[in-house]
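One structure is given below, encoded as structure tokens.
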Amino acid sequence: MNKPKIFISTFPFGIHNPEPLDLLQKTGWEISANSLKRKLKPEEVADLAKDVDGIIAGTEDLTPLILTNSNLKIISRVGIGLDSVPLKLCKEKGIRVTYTPDAVTMAVVELTIGLMVSLTRNVHLADKEIRSGGWSRFTGKRLGESTIGIIGAGRVGLNVIRILSEFKPRMILVNDIKDKSLELDSLLKDKGISYKLTEKEYIYKNSDIVSLHLPLSSKTKNMITKLELNMFRQDSFLINTARGGLVNERDIYDALKEKVISGAAFDVFENEPYKGNLCELDNIILTEHMGSCSYDCRLLMERGASEDIIRFFTNQPLANEVPPYEYEN
């Protein structure tokens, strides 16, 4: 077999720690990387990786690449989300797919908790005001006095609940497609914290804070629209560190502008880099899809993706191949 050609589409990669890039370069294979230093558009990925054998990918839409590159044998995803990878098409074309599901968890959890505190205590507004000479001393509600709704109790959602338990919230409301009673009992029972497994609509109507921790799929796209936002309490907040597209961005803009809800914090957007009209509003915190952007998390993800693509081309078992149940989404 000729030396494999590998393209690294995700950015950044190997900047804070060169170890993953060093691993790839030691193979002696043809390694090329995203020289534009930003998230690539689908057609750019298809062009830059038009004849590669493998790709180390971020959140770029890979559909055009898969449709046009007949050489592609493996996609090694840096991260956990698979909405940008057309798994059914990959299966039809015999393309293997790996990801790094465990590497991102705690970095996303910590950002989520930080956004909850910053948003409910108006940290972003205080920063803006003091820079312009003001001094209002904004007042907000503690997490310990709040009812917090968690939609999606997977790796991230359960760890958000675990960390939140130390704040002693009034109640934690949980929605998940699976029965997570055993996990929740283990996390919360001994701490005397009340929780309830319930429907999403109940969470919308009764929470001070709603936090989303779901993958994007045909079932979850536009899960929250004007209809759902009108169920929220006027003094409530919405956090999305999961995936853009879960919340209709036009409808959340209207809800925030019209004070249907008090505020929001979004780390993810339907189109990234985000340049939409949410930037006009003061009652939303916007961050740059940086849930996974801690030094240790980036290293774990990048190294894991690199190691699996090396395993593939050296005929070793893959460590984190995407399991069959993910294809059902």
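A short reminder: the numbers here are calculations on the coordinates, not readings from a lab. Quick caveat: nothing in here was measured; it's all calculated off a predicted structure. Cβ: placed from backbone, ideal geometry, glycine included. Neighbour counts: every protein chain shown.
Selection of segment 202-230 for residues being more than 21 Å from the chain's Cα centre (by Cα), over 25 Å from Ser181 (Cβ atoms) and in a loop (DSSP other than H, G, I, E, B) yields only Asn230.
Return the residues of segment 6-20 that are more than 20 Å from Asp53 (Cβ to Cβ) and part of a loop (DSSP other than H, G, I, E, B); say none if nothing qualifies.
Matches in segment 6-20: Phe11, Pro12, Ile15, His16, Asn17, Pro18.
Name the single residue that is nearest to Ile209 (Cα to Cα) among those in segment 171-190 being charged (D, E, K, R) and surrounded by 15 or more Cβ atoms within 10 Å (Cβ to Cβ). By that ranking, first place goes to Asp176.
Within segment 283-302, residues that are on the phi < 0 side of the Ramachandran plot and in contact (Cβ under 8 Å) with a residue 24 or more places away in the chain reach partners that are of a type in the set (Asp, Glu) and assigned to a helix (DSSP H, G or I) with beta carbons closer than 7 Å, at six or more positions or on different chains, in the pairs Leu299/Glu19. Candidates are the residues of segment 21-40 that are part of a loop (DSSP other than H, G, I, E, B) and free of Cβ contacts under 8 Å to residues at least 12 places away in the same chain; the one that is nearest to Ser70 (Cα to Cα) is Ser35. Among the residues of segment 233-247, not a single one is outside any loop (DSSP other than H, G, I, E, B), more than 30 Å from Ala126 (Cα to Cα) and hydrophobic (A, V, I, L, M, F, W, C). Does segment 152-167 include one or more residues that are closer than 28 Å to Tyr295 by Cβ, surrounded by 14 or more Cβ atoms within 10 Å (Cβ to Cβ), in contact with a strand residue (DSSP E or B) (Cβ under 8 Å, 6 or more places away or on another chain) and touching a residue at least 60 places away in the same chain (Cβ under 8 Å)? So far as segment 152-167 goes, yes, one or more of its residues are closer than 28 Å to Tyr295 by Cβ, surrounded by 14 or more Cβ atoms within 10 Å (Cβ to Cβ), in contact with a strand residue (DSSP E or B) (Cβ under 8 Å, 6 or more places away or on another chain) and touching a residue at least 60 places away in the same chain (Cβ under 8 Å).
For segment 9-30, name all the residues that are hydrophobic (A, V, I, L, M, F, W, C) and within 23 Å of Cys293 (Cβ to Cβ). Spell out how you get there, then give the answer.
So in segment 9-30, the residues hydrophobic (A, V, I, L, M, F, W, C) come out as 11, 13, 15, 21, 23-24, 29.
Of everything in segment 9-30, those that are hydrophobic (A, V, I, L, M, F, W, C) and within 23 Å of Cys293 (Cβ to Cβ) turn out to be Phe11, Phe13, Ile15, Leu21, Leu23, Leu24.
Of the residues in segment 110-148, how many are among the hydroxyl-bearing types (Ser, Thr, Tyr), surrounded by fewer than 16 Cβ atoms within 10 Å (Cβ to Cβ) and within 24 Å of Ser165 (Cα to Cα)?
Step one: list which residues in segment 110-148 are among the hydroxyl-bearing types (Ser, Thr, Tyr), which gives 112, 118, 120, 132, 136, 139, 146-147.
Within this subset, residues satisfying the condition of being surrounded by fewer than 16 Cβ atoms within 10 Å (Cβ to Cβ) are 132, 136, 139.
Adding the requirement that they be within 24 Å of Ser165 (Cα to Cα) leaves 139.
Here the count works out to 1.
Quick one: in segment 70-109, which of the residues that are in contact (Cβ under 8 Å) with a residue 60 or more places away in the chain and part of a helix (DSSP H, G or I) is surrounded by the fewest Cβ atoms within 10 Å (Cβ to Cβ)? My answer is Lys88.
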